[in-house]
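FYI, it's all coordinate maths here, none of it is from the lab. As the structure is a computational prediction, the values presented were derived from the model and not from experiment. In this analysis, Cβ positions are derived from the backbone assuming ideal geometry, glycine residues included, and neighbour counts consider all displayed protein chains.
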Amino acid sequence: MPFELKHLFGLKDVSKEDIITILDTAVSFREVLERPIRIVPTLKGVAVLNLFFEESTRTRMSFELAEKRLSSEVVTFAKSSSSVSKGESLRDTVRNIEAMKIDVIVVRHSSPGVPRFLAAHTGCRIINAGDGSHEHPTQALLDILTMRDHFGSLKDLRVLIVGDILHSRVARSDIYGLKTMGAHVDVCGPSTLMPIDMEHFDVNVHYNLEDVLPDYDVIYMLRIQKERQSKGMIPSTREYTSMFGLTMERLKLMKPDAVVMHPGPINRGVELDYEVADSDRSLILNQVTNGEAVRMAVLFLLSGGSER
């Protein structure tokens with residue numbers, strides 16, 4: 001199928017056809033990752049800049065590996081050692097990037113809208129690696145691929161996203177992408193961690209995890225961001241765990257074939273018991289593997305890559 005996207009800002013307005021193209025391309029790249037030599041010359045000569053204004057070891061490493069597997073020229077921008085830390089504006093940073101003849105920018109920033117700003121002020125293809133609490137599209141794409149691998153189809157799949165919906169860019173991208181693919185998505189968590197505009201997402205909101213666990217095929221646990229706790233959004237991490245943590249006892253309430261997912265990094269003993277995270281019901285390591293393949297696919301498709 002023809003691929004229509006020039007940039008990947010989020011999944012809100014991405015068509016089902018484009019999502020399927022990304023997933024199918026990721027499957028082909030996953031085969032590359034199983035070869036003895038896991039490097040292909042697909043993007044040789046394409047310059048990719050990893051522009052990370054926020055720390056994110058897992059996402060950054062996944063992108064860097066994907067870029068190197070495709071033989072692209074990789075430059076990683078560290079805010080702490082850049083001119084931004086000395087007061088340089090984002091606009092000036094962008095102008096310098098343009099002068100470096102960069103083709104693709106992978107950007108992560110605490111402010112929503114930065115990927116679109118870059119697209120408006122450069123000729124580069126832009127991939128959003130997370131912008132504020134807006135979206136994190138490649139995380140959602142790897143989640144969707146993991147679910148499709150396991151269940152075969154996403155149509156009518158029932159997914160429950162649990163935790164801090166208010167601050168989660170992952171939750172937003174998953175909701176948009178999964179609903180586009182025909183899944184049914186609901187959320188569960190403390191009322192203080194729900195957006196005030198939740199009705200716009202067309203999902204059911206639950207506040208008691210145990211009551212609804214038996215109704216879903218996928219229980220997707222979000223990370224509790226400890227940096228948010230100073231704002232008093234929840235009484236304590238311990239109380240959150242007692243109400244919304246997925247324990248082995250709660251695991252028994254799930255459907256026999258239901259699975260557990262988490263975007264990582266896991267706060268073990270908070271969102272998930274140690275035993276749950278390592279159980280045969282967990283697809284967390286599958287998500288990690290699919291992350292590299294999905295990012296290879298997005299880089300390939302947005303760069304207009306040729307056949308491998």
Discussion item. Quick query: amide H of residue 14 versus all other amide H atoms, modeled in the peptide plane; which residues come in under 5 Å with a sequence gap of 5 or more or a different chain?
Written reply: none
Worksheet item: Semi-axes, largest first, in whole Å: what does sqrt of 5 times each Cα gyration tensor eigenvalue give for the range 137-283?
Response: 21, 18, 14
Discussion item. Taking amide H atoms as placed 1.01 Å from N in the peptide plane, list the residues 5 or more away in sequence, or in a different chain, whose amide H sits under 5 Å from that of residue 50.
Written reply: 75, 76, 77, 106
Practice prompt. List nothing, just return the count: lysine pairs in the chain, 8 or more apart or interchain, with Cα separation under 17 Å.
Written response: 7
Worksheet entry | Long-range amide H partners of residue 255 with built H, under 5 Å | 216
Worksheet, complete the sentence: Taking Lys and Arg as +1 and Asp and Glu as -1, residues besides residue 213 with C-beta under 15 Å from its C-beta add up to -4
